[in-house]
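Working notes for the structure below.
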């Protein structure tokens, strides 16, 4: 997308550092964070200490590692606070999970990615259960494509100018092919992901509209490809669309 002179590259780098620490399996050294964030070590260390001073990271001087401070939860509180919309989505996920037996996820548009904010666990023993806060690129998942397909044309065109990452040999990273895929999504009312994000995993997603009629999120079901065949995904899609219509989304 076009560079905006009103934006601070330093702040963007700081968020990359913070996200790298948050995505880590445990405490991380400055070198590990720098590698994960794709930044120079000196820059990364300076930002880590600054974020620590702000109270959002803990620094262990003995091991020279950093980890997320619980204060981060205060920033997320408005997102996860109870309210009519959140309860409506929770009811939708619960009803869909009960009807399908599958784990259902709800993800929202966040910049040029999706972020998973709610889920309802199913009864399937073999299932794909993403963690709350998981972020994914729009073109590589069913829920991402379900959301992207209903964004303004200018947003879609800007997204197509990005260097789209390929996760498997089935990821749709070619702009022309992605345009065709988004057209199919709009016609079908749902989006598929046939091993596009991860080999052996299939998914289906349905967009969710807000009170203004805009698509800002979507519900999805993911699972092993040998169980979630195209035929099964079509069955799930019908149930998901029924439940979405029931809540008026």
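A compact table of results
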| read-out | value |
| --- | --- |
| Members of region 111-137 that are within 12 Å of residue 217 (Cα to Cα) and under 8 Å from the mean Cα position of the chain (by Cα) | 113, 114, 115, 116 |
| Flag for residue 139 being modelled with pLDDT of 95 or more, in a helix (DSSP H, G or I) and touching a helix residue (DSSP H, G or I) at 6+ places or on another chain (Cβ under 9 Å) | yes |
| Single residue of 242, 174 found to be out of contact with any strand residue (DSSP E or B) (no Cβ under 8 Å at 6 or more places or on another chain), surrounded by 12 or more Cβ atoms within 10 Å (Cβ to Cβ) and under 28 Å from residue 87 (Cβ atoms) | 242 |
| Helices (runs of 4 or more DSSP H) contained entirely in region 16-119, each with at least 2 residues that are surrounded by 15 or more Cβ atoms within 10 Å (Cβ to Cβ) | 30-37, 41-54, 84-100 |
| Residues of region 4-15 classified as part of a loop (DSSP other than H, G, I, E, B) and under 20 Å from residue 113 (Cα atoms), total | 3 |
| Which listed residue is under 15 Å from the mean Cα position of the chain (by Cα), surrounded by fewer than 24 Cβ atoms within 10 Å (Cβ to Cβ) and under 21 Å from residue 153 (Cβ atoms), from 185, 215 | 215 |
| Residue among 123, 128 that alone is assigned to a loop (DSSP other than H, G, I, E, B), assigned by TED's automatic domain parsing to the domain that holds residue 226, at pLDDT below 95 and crowded, with 18+ Cβ neighbours inside 10 Å | 128 |
| Yes/no for residue 209 being in contact (Cβ under 8 Å) with a residue 40 or more places away in the chain and surrounded by 14 or more Cβ atoms within 10 Å (Cβ to Cβ) | yes |
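The values are calculated or read from the model by the stated rules, or taken from the named source; none is laboratory data. On a predicted model such as this, the values are computed, not experimentally measured, just so you know. Quick reminder, even Gly has a Cβ in these numbers, built from the backbone with ideal geometry, and neighbours come from all protein chains shown.
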